[in-house]
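Here is the structure we will look at, set down as structure tokens.
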Number of protein chains: 2
Amino acid sequence: METVSENRSFGGTQGVYRHRSKATNCDMTFGLFLPQEAAEGPVPVLWYLSGLTCTHENAMVKAGAQQWAAEQGIALVFPDTSPRGEGVADDPAYDLGQGAGFYVNATEAPWAAHFRMWDYIADELPALLAKEFPLDMERQSITGHSMGGHGALTLAMGLKGRFRSVSAFSPICHPTTTDWGRKQLAAYLGPDETAWLRHDATLMMRAEGLDIPLLVDTGSKDQFMSHLKPEALAMAAMERRIPCTLRLQDGYDHSYFFVSTFIEEHIGFHAEALYA
Amino acid sequence: METVSENRSFGGTQGVYRHRSKATNCDMTFGLFLPQEAAEGPVPVLWYLSGLTCTHENAMVKAGAQQWAAEQGIALVFPDTSPRGEGVADDPAYDLGQGAGFYVNATEAPWAAHFRMWDYIADELPALLAKEFPLDMERQSITGHSMGGHGALTLAMGLKGRFRSVSAFSPICHPTTTDWGRKQLAAYLGPDETAWLRHDATLMMRAEGLDIPLLVDTGSKDQFMSHLKPEALAMAAMERRIPCTLRLQDGYDHSYFFVSTFIEEHIGFHAEALYA
């Protein structure tokens, strides 16, 4: 693992690191914010999964999350959204290929060789973080934005016992029924839709439910609302009597101006679970 | 109008008053909390509509609302849930007749003679309050519990421009499809279901939407959940992109222990709209 940069931030350190990944068979870059408290011992971890077109950098520089993570003594991990590099398959569309890993393990050509983001986020990166940094991996929570909200929700439901709480900003909630979903799931996982089930938060909620606190915010003026379907997740969660806070925030859109407005509340929500 | 009682409460006054109602053609009793600020001039008003079996008294003594209304300088109105008295029709069931007015104007025998709770809450009682008390009727909001949550939601959607915000605890959200609803709507309004539409919050939401802030809390262990259907209202509100906060609160049931836990937040939510 190589240190790309480290900057002092809110009394802690915002680092960027690069490492060779077995899961994605290429170099991967991630951001990690360590609060001041990490100097004294392991701190809890909040994962932030980013959306389409993002790298490890977007949320790190635009979400304004470090201030609140510092206040709560929580580390933040900002993984990249896909494998990258010259030897890695890509597509001219912004919503497929590099920058659009959708947090799945691809099984179809040409994606299967590198696009194993589920394994990367679920197994490889946590193991690396545990080894290299003062993180308390018994206390993890997860959030994300858009495609990353989809990732946060499906990982939280798919990895029972891993996370203490899950939240999402403008998540893709029901991709098996929408434009941001059917195309990519078919490309990565093939035409057999049974393989898609574990990558649709609404279907997962119906099938598995959730046993950790859930918070979802979406802007009422989100320009991509028809791709997101927060109403489908709301219906599924409430039908299963899952404790939840589900909100449409008046007038907000899909941008980081939305995320940065509510990130304080999300980090506070996770802190409550991480320090319970 | 006759004063039944007045007690000092949190620096203000909790009163109970009785008056002859034209709408319901019988004597009606209501509670009114006036905060200290009412001595100096008109204060904003929050309506609290109660649930099945309740009188004006239940929320007044069990919701713990006065503390927070006093802090915000807001008056609270606690109407009764139905007409009452010897000459008023009743039913042996707890969910029909006296204590179960459902906030409709009954058109069917034997109910039509007295059960005109919509008119009472929408027209007659506000006019009386405006005449008798220092209330700023330009600043009204509404909340309620269970059948009263149903009333709050349907009145807020039915009386456009009247209220600045609406919230509900464990509301009956879709009565045209459930046990707490079909029986009563048929009894009060007759078999023509087109007359029921304006008394179903989910159908109103689909048809009319809502242009004021909306907050709904339901306990995840509510023993009457199958009568409430918060998931149907959630789906309808989010499908219409209505700004909203919809929550299932972990482990809470249908009781006033639930209401009193979250009434502070609801009153704070309304205060934000009333003082905007």
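The values are calculated or read from the model by the stated rules, or taken from the named source; none is laboratory data. Predicted, not measured: the structure shown is a model, and the values here were computed from it. Counting neighbours? That spans all protein chains shown, and the Cβs are built from the backbone with ideal geometry, glycine included. For the accessible areas, the whole protein counts, side chains as well, though only heavy atoms, and no ligand, DNA or RNA atoms are used. Shrake-Rupley method; radii C 1.70, N 1.55, O 1.52, S 1.80 Å.
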*Would you check which residues across region A:215-232 are in contact with a strand residue (DSSP E or B) (Cβ under 8 Å, 6 or more places away or on another chain), closer than 26 Å to A:Tyr188 by Cβ and facing chain B (nearest Cβ under 9 Å) and list them?*
A:Thr218, A:Met225, A:Pro230
*State yes or no: is A:Ala236 touching a His at 6+ places or on another chain (Cβ under 6 Å), under 29 Å from B:Thr202 (Cα atoms), at the interface with chain B (Cβ under 9 Å from one of its Cβ atoms) and part of a helix (DSSP H, G or I)?*
no
*Could we say that A:Phe33 is of a type outside the set (S, T, N, Q) and either open to solvent by 20 Å² or more (accessible area, probe 1.4 Å) or closer than 29 Å to A:Asp179 by Cα (or both) here?*
no
*Can you name every residue in region B:8-38 that is free of Cβ contacts under 8 Å to residues at least 40 places away in the same chain and more than 23 Å from B:Gly144 (Cα to Cα)?*
B:Arg8, B:Arg20, B:Gln36, B:Glu37
*Is it true that A:Glu265 is within 14 Å of chain B (Cβ to nearest Cβ), open to solvent by 10 Å² or more (accessible area, probe 1.4 Å), assigned to a helix (DSSP H, G or I) and farther than 21 Å from A:Trp47 by Cβ?*
no
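For every residue, the table says whether it meets (1) touching a Phe, Trp or Tyr at 6+ places or on another chain (Cβ under 9 Å); (2) assigned to a helix (DSSP H, G or I).
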residue	(1), (2)
A:Asp123	no, yes
A:Leu128	yes, yes
A:Met137	no, no
A:Ala156	yes, yes
A:Ala168	no, no
A:Cys173	no, no
A:Gly181	yes, yes
*Out of the residues in region A:182-238 that are out of contact with any Asp or Glu (no Cβ under 7 Å at 6 or more places or on another chain) and polar (S, T, N, Q), state the one that is most open to solvent (accessible area, probe 1.4 Å).*
A:Thr194
*Does A:Leu197 satisfy the criteria of being outside any loop (DSSP other than H, G, I, E, B), away from every other protein chain (no Cβ under 14 Å) and without any contact (Cβ under 8 Å) to a residue 60 or more places away in the chain?*
yes
*Inside region B:1-117, counting only strands (runs of 3 or more DSSP E) that do not spill past its ends, which hold 2 or more residues that are within 15 Å of the chain's Cα centre (by Cα) and not hydroxyl-bearing (Ser, Thr, Tyr)?*
B:26-34, B:43-49, B:75-79
_Being surrounded by 19 or more Cβ atoms within 10 Å (Cβ to Cβ), assigned to a helix (DSSP H, G or I) and within 14 Å of another protein chain (Cβ to nearest Cβ) is the filter here; which residues of region A:245-261 pass it?_
A:Phe258
